[in-house]
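The structure appears right after this line, and notes come after that.
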Amino acid sequence: MIGAQNALVTKIKTIRSNDLKTSDYNELLKKRSITDVASYLKKHPGYIEVLSKVSENSVNRSRLESLIRRQKFNDLMRIIKFLKMKDQSFYLLSLLHQEHEVLLSMIRSFISSEAYDVVKDLPVYFNQYSKIDFEAIALTKNLSEFVAALNNTKYYDMLRPFENIKNEDIKYYEFEALFENDYYQYAFEHINKHYKGRQKKELEDVFKSRIEIENITKIYRLKKYYKAGNLEIKSTLIPTNRIGEQKLDKLLKIDDPNLILAQIIEMGDKTYVGEQDQVYLEYFTDHMQYRIANKLMYYGTHPTKVFLGYMILSDLEIRNLIHLIEGIRYQVPEGEIRTMMVF
Amino acid sequence: MITKMQLVNLTADKGMVDEVLRRFIDFKGFHPVDNQKILTTVHGSSTFEGGNPATELLDQIHEIESELNLTLLPVKTRKLKTNLDDMHQYILKSHEEFKVEFDDIKALEQENSNILIALKQLENLAELDLSFDDLFSTKFVSVRIGKLPFDSIERIRYYSHKPFIFIPFSEEKETKALWCLYLTSNEYKREIDNLFTSLYFERVYIPDFVHGTPENAKEALQAMIKHNEKEIDEFRQILINLGLKYQERLGIIKGELEFLDLMYKSRQHIVLLGDRMSISGFIEAKSVESFNRLFDGLASVNIDDADAQSDRRFTPPTKLKNNWFSKPFETYVEMYGTPTYGSIDPTSLMAITYTLLFGMMFGDLGQGLVLSLIGFLLGKFKNWSLGPIVARIGLSGAFFGLIYGEFFGNQDFLMPLYDMLGISFLPFHAMSNENTMTLVLMSVGFGALLLLMSISVSTFYKFKLKEYAKAITSPNGLAGLIFYGYIVFGVVATMLLGVQGLFSIIPIILLIIVPVLLMFLQEPLERKFHGHQMFPDGIGGFLTEGVFELFEILLSYVTNTLSFLRVAGFVLVHAGLMMVVNTLANDGTNIIALIIGNLFVMGLEGLLVSIQVLRLEFYEMFSRYYDGDGIVFNPIS
């Protein structure tokens, strides 16, 4: 048993070793075109699998992003396939996350007033691992058709209450909150089911930290950019008993969003605050996640913790590359792109 | 040996320059001096200015040659019959005529290249059983042929509700892209084209000259290629005929231009002073008379010759002259550096010592003979520069093979020979216990002898070059010779001959301590000899530095001597390797293994030993007596 666990930890770390390092990011930051980025990644062991068959001259921004996501997905599947069926349940959390992303992208397509080809962005390679009928949902145009197409999945019951909402009335954040809840519920259920004692507590703490960061970020965003009311904000938060109800109410009562921002910064290391007036919030929260993930990755002895760390880091790498690609595409200065990336 | 040179200086009236140069350029073996040294030291001197008019025209001739793929044989001349303008016109005219055919050939080759690209595309569409003419002549339907990348293939079925028909063909192995075709009506052409563009569909345009199904088109295109190739051959023949037509005249022009070019190149070495011109350089001493005869009958030409080292401004070049045996080893010597004129040419010494050392370390009769044969053949038929060296050292290896009793690693094969000749002290089996110590001592002893020889040669040449202070006090001079020589002699005499008293107080003081002191004080004594202050930086500084330098010098005697242990090492290595080969070949019963093993050992050991010996030569010996700071004899031609 211990041998099998060590083997999995080794497997995860081996796959991680192919991820981008600081030196790679520094090189990528110097690139000034998508072709150059594609060319660099093509030679990198972490991306050679998907990019070797692609000509860098025929790759554009969206295709490159899609291929990057595909590569990371392949890496995750390598770990999951390594496991026996009965051990897979917790690790399938990463697939759950992918499913949610697919469903959210469909909902975005309903909201978008422009003609939007949803199939282009669908991770169709994921189809074989999910019960969702991608072909069916790709044809839907509104929530009613969408729910009907999800007939044989757990999302049918989850989304039925929303099936009659018209496209123009859709509140995207409600669905985001719904799926986030589902994600964390799955996580806590499986931690409860499969782990005990200290192991269980440590895993729960990781997720609770993430929830905490996300909740506070949500409060800040909704107050600052959407001027949302407290009740509305509260309905979108992920429930957790880590921050007590009172503390949450206290945060909600703060009118000035910048004070909430200061609170977020207090939670983390102040050295990540730049000289700019407006700290780029996502960078900050990403950085906190990065620290948590690194700790799990390097000090975790149980494969679950190592996997969790790897999952977060993998996600961060995708976000880093997307920030980079979009930054280059829209000719954002190198320094500014760097502030958005975490490495 | 270094060829004796003479410094010659030819002077004449300025007006004679063309005539002088016309005769001068035929002399092979004139190494000109750097005339800048004259120009900077002689007031009022100058040189010819202006470009070389022949360069551009010669370039055009070379262009014609490369385009026609022929070499024009220049007609040697020493007179200009055509003026430059006429030459230029003729070259232009001929070039224009060639160009017409040449352009036609290029066009046909380009067409063939396009057809080949089309053929490659057709390979991917081989499964299509429709005629391209039918496909592309449709009025209401648009057809697109191309390839879809692997990450888009799986998305196609998500668009099954869209108005197009999708027909896949074959998969490209490298990229896993899918060659395919899609059809759509003209009404939806734009939408579907956009759709496929978003899927990164790479459209391929089939050339107009492709007709029929891919199979038929392939045949037609291949026939077209053959037809074009035939036409190309015809055009090439026309070019050849044109070449023949112009060849003679162009050959004459080329000859004249080359003559003009030589004249202008030689002009660069001329120095002008008032109404006179002069050109200085080095020639072989034996060629002075023939050089003088070249200019017989020319008034105002004056030729002075002097010793090569008579003018301190110019360093005489070095041309090596060695006998048949040593000549190939010049390659190695030049690798280290060209010998300075007037100093030693180490080629002959190196030839002997290298051959001996290699033979000792390689020692195998059979392998040595094979190696020698290979070197000889490669040197003769493939012009391999190291071939003659290998031929010689191979023979040395064979000779020492006789001494070690080794014949392709077999130590019994030669026994009858020794019995027949009644030689009881041979063979000298390297691997046997009683011989090991002897082998080691002999290697070191031989090395010591070589070092003594190197130091002696160095001492001799230092005296010859009148560097008396160095000759006496240098570690590679008399002091070093006495010190090292006495120690070697003393050790040998004491250990082997049992001579007593060699290391008593008086010999130690006179023959060890005094030379060491001289070596220690080499630089101050040299300065004193030349009339300078002995310790310009103070005695303290000198002592600190001198102690460490002396330590290094003394240590180098030990390390250089012990370095020759590798000779013994490689003798044992060879014997050991051959033992392994024999074992693998079941004591010679497996002929294939024996042959392969011998070839392997020959190649590997031959390479290793030759490199090791070269190292011994360069590092242990050359560093003691040879500088290699000379200039190569480089005559203008």
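Could you tell me which of the residues A:GLU168, A:GLU145, A:GLU176 is among the acidic types (Asp, Glu) and within 22 Å of A:GLN289 (Cα to Cα)?
Answer to the check: A:GLU176.
Which numbered condition trips up A:GLU202, out of (1) within 19 Å of A:HIS97 (Cα to Cα); (2) more than 14 Å from chain B (Cβ to nearest Cβ); (3) surrounded by 15 or more Cβ atoms within 10 Å (Cβ to Cβ); (4) at pLDDT below 90?
Exception for A:GLU202: condition (1).
Report whether or not A:SER52 is within 12 Å of another protein chain (Cβ to nearest Cβ) and hydroxyl-bearing (Ser, Thr, Tyr).
When the stated conditions are applied, A:SER52 passes them.
Hey, among the residues in the stretch B:295-349 that are part of a helix (DSSP H, G or I) and hydroxyl-bearing (Ser, Thr, Tyr), which one's surrounded by the fewest Cβ atoms within 10 Å (Cβ to Cβ)?
B:THR331
Output the residue which, of all residues in the stretch B:33-44 that are surrounded by fewer than 17 Cβ atoms within 10 Å (Cβ to Cβ) and touching a residue at least 40 places away in the same chain (Cβ under 8 Å), is nearest to B:LYS76 (Cα to Cα).
Of everything passing the filter in the stretch B:33-44, B:ASP34 is nearest to B:LYS76 (Cα to Cα).
Of all the residues that make up the stretch B:164-191, how many are assigned to a helix (DSSP H, G or I) and either within 12 Å of another protein chain (Cβ to nearest Cβ) or in contact with a Leu (Cβ under 9 Å, 6 or more places away or on another chain) (or both)?
Of the residues in that region, 1 qualify.
Which residues, counting only those in the stretch B:53-66, are crowded, with 16+ Cβ neighbours inside 10 Å and not hydrophobic (A, V, I, L, M, F, W, C)?
B:GLN60, the sole residue that qualifies.
Within the stretch B:260-287, can you find the residues that are basic (Lys, Arg) and over 16 Å from B:LEU21 (Cα atoms)?
If the condition is that a residue be basic (Lys, Arg) and over 16 Å from B:LEU21 (Cα atoms), then B:LYS286 is the only one that fits.
Select from the stretch A:126-142 the residues that are in a helix (DSSP H, G or I) and within 13 Å of chain B (Cβ to nearest Cβ) and write down the one among them that is surrounded by the fewest Cβ atoms within 10 Å (Cβ to Cβ).
So, considering only residues that are in a helix (DSSP H, G or I) and within 13 Å of chain B (Cβ to nearest Cβ), the one surrounded by the fewest Cβ atoms within 10 Å (Cβ to Cβ) is A:GLN128.
Going through the stretch B:107-163 one residue at a time, which ones are touching a helix residue (DSSP H, G or I) at 6+ places or on another chain (Cβ under 7 Å), away from chain A (no Cβ under 14 Å) and assigned to a loop (DSSP other than H, G, I, E, B)?
Across the stretch B:107-163, the qualifying residues are B:LEU125, B:ALA126, B:LEU128, B:PHE140, B:PRO163.
Tell me yes or no: at least one residue of the stretch A:75-90 is modelled with pLDDT under 90, surrounded by 17 or more Cβ atoms within 10 Å (Cβ to Cβ), assigned to a helix (DSSP H, G or I) and of a type in the set (Phe, Trp, Tyr).
Yes: one or more hits.
How about the stretch B:182-217: which of its residues are more than 51 Å from the chain's Cα centre (by Cα), closer than 14 Å to B:PHE132 by Cα and modelled with pLDDT under 90?
Residues satisfying the conditions are B:ASP208, B:PHE209, B:VAL210, B:HIS211, B:GLY212, B:THR213, B:PRO214, B:GLU215, B:ASN216, B:ALA217.
Do you know which residues across the stretch B:271-293 are under 16 Å from B:PRO316 (Cα atoms) and either part of a strand (DSSP E or B) or in contact with a Leu (Cβ under 8 Å, 6 or more places away or on another chain) (or both)?
Matches in the stretch B:271-293: B:ILE279, B:SER280, B:GLY281, B:PHE282, B:ILE283, B:GLU284.
Of (1) away from chain B (no Cβ under 14 Å); (2) within 30 Å of B:THR197 (Cβ to Cβ), A:ILE34 satisfies all except one. Which?
Every listed condition holds for A:ILE34 apart from (1).
Does the stretch B:75-93 include one or more residues that are in a helix (DSSP H, G or I), surrounded by 14 or more Cβ atoms within 10 Å (Cβ to Cβ) and of a type in the set (Lys, Arg)?
no
Pick from A:GLU49, A:GLU145: which is of a type in the set (D, E, K, R), out of contact with any Pro (no Cβ under 6 Å at 6 or more places or on another chain), part of a helix (DSSP H, G or I) and over 25 Å from A:ARG319 (Cα atoms)?
A:GLU145
Does B:LEU543 count as touching a residue at least 60 places away in the same chain (Cβ under 8 Å), of a type in the set (A, V, I, L, M, F, W, C) and loosely packed, with under 14 Cβ neighbours inside 10 Å?
no
Residues in the stretch A:155-173: is at least one away from every other protein chain (no Cβ under 14 Å), in contact with an Asp or Glu (Cβ under 7 Å, 6 or more places away or on another chain) and surrounded by fewer than 16 Cβ atoms within 10 Å (Cβ to Cβ)?
no
Being surrounded by fewer than 13 Cβ atoms within 10 Å (Cβ to Cβ) and either free of Cβ contacts under 8 Å to residues at least 40 places away in the same chain or not in a loop (DSSP other than H, G, I, E, B) (or both): is that true of B:GLY50 here?
In short, yes.
Just one of A:SER109, A:SER62, A:SER105, A:SER94 is at negative phi, buried (at least 18 other Cβ atoms within 10 Å of the Cβ), within 14 Å of chain B (Cβ to nearest Cβ) and assigned to a helix (DSSP H, G or I); which is it?
A:SER109
I'd like the full set of residues that are modelled with pLDDT of 85 or more and farther than 30 Å from B:THR331 by Cβ, limited to the stretch B:379-412.
B:GLY405, B:PHE407
Just the residues that are at pLDDT 75 or above and surrounded by 17 or more Cβ atoms within 10 Å (Cβ to Cβ), please, taken from the stretch A:235-245.
Within the stretch A:235-245, A:THR236, A:LEU237, A:ILE238 meet the criteria.
Just name the residue that is nearest to B:THR353 (Cα to Cα) out of those in the stretch B:582-637 that are crowded, with 19+ Cβ neighbours inside 10 Å and aromatic (Phe, Trp, Tyr).
In this case the residue turns out to be B:PHE622.
Could you list, in sequence order, all residues of the stretch B:192-220 that are in contact with a helix residue (DSSP H, G or I) (Cβ under 6 Å, 6 or more places away or on another chain) and either in a loop (DSSP other than H, G, I, E, B) or within 14 Å of chain A (Cβ to nearest Cβ) (or both)?
B:SER198, B:LEU199, B:TYR200, B:VAL204, B:ILE206, B:PRO207, B:VAL210, B:HIS211
The values are calculated or read from the model by the stated rules, or taken from the named source; none is laboratory data. Since we're looking at a predicted model, the values are computed, not measured. Every residue, glycine among them, receives a Cβ derived from its backbone with ideal geometry; neighbour counts consider all protein chains shown.
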